[in-house]
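*Asks:* Sharing a structure with you now.
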Amino acid sequence: MICSRRFTGFLSRAATRNCAAFIMALGLLQGLCMNAWADGNSVCILISFDGFRHDYISRLPNGAIKELIAHGCTADALIPVNPTKTFPNHWSIATGLYPSDHGIVDNRFYDRVLNDTFNMTRTEPVWWRGEPIWTTVERTGKTAFTYFWPGSSTPINGHLPSKWFTYEHSRDYTSRVDSIVTWASMPKPPDLIVSYFELLDDAGHRYGPNAPQVDSALAVANSLISRLVKGLEARGVINNCTIVLVSDHGMAEINPATPHDKHLSVEQFMADPTVRVIVSNPNILVYGLPGTTANTIAAGINADSQTYRATATPVSDLDTAWHIQYPGRTPDLIVTAEYGYDIDVGKRPARKSTGGNHGYSNSISDMHGIFIASGHRIKPGRIQPLSVIDVYNIICKLTNVPPARNRGNANRVSDVVH
């Protein structure tokens, strides 16, 4: 720590003085160090690696991420909300709310009131509810910079972060890291920096979670964190920074042996023009079904679930663990593929699915992500799994701001932060 290095030199000089003078000087030095943290120079860096499954940690090469784990706090897992998709979970991490509160109930969904469909390019404020952490930080007079976090380019209550970017999938990873280093080493740095990396999700979807290409992506992720840490060290600001790594969900291997004629096709739902079908693999969201029709379709699918490799649930029977009952956006029927299977979105014969997917129940461990934190205020050690909705309160504590209303367990903050 910078203060510690200064203290080393001071100690050698003070050793020749009387004890009382040394103690007075030590107290003064301690106050200076405390003021260095109190004057706003402490930076919290929150980074999401989309699709970083909790057990990928065992496959990491030696290096920066393992160093953060060794000296910081690691949860056994970060449990996503349902559905285990990118946008619902990133918004739950940012707000500490369930989809039933913040309105992002899937990566794609229909809103009956708006008569419009949400997808991952929509940034209009009407879709996004709740207060994300960067808005909380800025509302208290502090500063937040974001780099590609889902939803961070949407004005919330008319406000955007002090710095933000429109998402570009092709944006170079190293340039993102270098921007973080530059921001953290500004004379007056932001209190919060939030960033997002999609490389592990890309590799997991394309090749499957057990593929060597995922190991290669893990090596790249490790090199990015190494670049971050070395950059902060070179600028002399590493001791002013707390680094928090999270992920939104894990990844499942798609069963490549699924016979073409045993995929559930969405065609059977499309005969009625009043029915709206949203495919968000491995789920189908069906809107416009009367309750009796939804029950009938669900019963038919569930009676032959081994053929379809799927189960169907009318909204009236949705387990409360789903937390997606948002007015106007909750489907009448959700059809979910069996773990390791996909939904067929075209005419038979279907293509054979390969690679990986997510979106299955958050009770399945392969859907769980990571939480790793390291810095001067972090309690070292391993802790029980956290929920994604717990992260918001932790970041509020690290940035010294009062949280907005949220669903996170406030008691979990003390597991992580001194």
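Read-outs throughout are calculated quantities, based only on the coordinates presented, and are distinct from any laboratory measurement. This is a predicted model, so every value here is computed, not measured. Note that each Cβ is placed from the backbone with ideal geometry, even for glycine, and that neighbours are counted across all protein chains shown.
*Asks:* Would you mind checking segment 65-97 for residues with the amide N under 11 Å from a putative spin-label position 7 Å along Cα→C-beta of Lys163?
*Replies:* none
*Asks:* Right, another one. Beta carbons within 10 angstrom, averaged per residue: use that to sort the peptides 386-394, 236-244, 290-298, 331-339, highest first.
*Replies:* Answer by packing, highest mean first, reads 386-394, 331-339, 236-244, 290-298.
*Asks:* Sticking with the crude label model, points 7 Å out along Cα→Cβ, report the distance from Arg405 to Asp202 in nm, one decimal please.
*Replies:* Placing both labels 7 Å beyond Cα along the Cβ direction yields 4.0 nm.
*Asks:* I need the phi-derived Karplus couplings for segment 325-331: 6.51 cos²θ - 1.76 cosθ + 1.60, θ = phi - 60°, integer Hz, Gly and Pro marked x.
*Replies:* Per-residue couplings from phi come out as 7, 9, x, x, 10, 7, x Hz.
*Asks:* Rank these for me by crowding, Asp191, Asp178, Asp304, going from fewest to most other beta carbons within 10 Å.
*Replies:* Sorted ascending by nearby Cβ count, the order is Asp304, Asp178, Asp191.
*Asks:* Arrange Arg53, Arg276, Arg112, Arg405 by Cβ neighbour counts within 10 Å, fewest through most, would you?
*Replies:* Final ranking by Cβ density, sparse to dense: Arg405, Arg112, Arg276, Arg53.
*Asks:* May I pose another question? Can you sort Ser152, Ser100 so the residue with the fewest Cβ neighbours within 10 Å comes first?
*Replies:* By the 10 Å Cβ count, ascending, the order reads Ser100, Ser152.
*Asks:* Then there is this: Asp215 to Gln325: extension gain in nm, 0.36 nm per residue of separation minus the Cα-Cα distance?
*Replies:* 35.9 nm
*Asks:* Suppose the chain between Arg235 and Thr117 were pulled fully straight at 0.36 nm per residue; how much longer would it get relative to their current alpha carbon spacing?
*Replies:* 37.9 nm
*Asks:* Continuing with the same structure: Hey, how many Å between the Cα centroid of segment 191-209 and the Cα centroid of segment 380-418?
*Replies:* Spelled out, the Cα-based centre of one part sits 22 Å from the other.
*Asks:* Also, quick follow-up: Need one number: nm distance between label points at Ser365 and Ala70, each 7 Å from Cα along Cα→Cβ, rounded to one decimal.
*Replies:* 2.6 nm
*Asks:* Under a crude label model (7 Å from the Cα following the beta-carbon direction), how far is Asn62 from Ser175 in nanometres?
*Replies:* Between Asn62 and Ser175, the simple spin-label model gives 3.5 nm.
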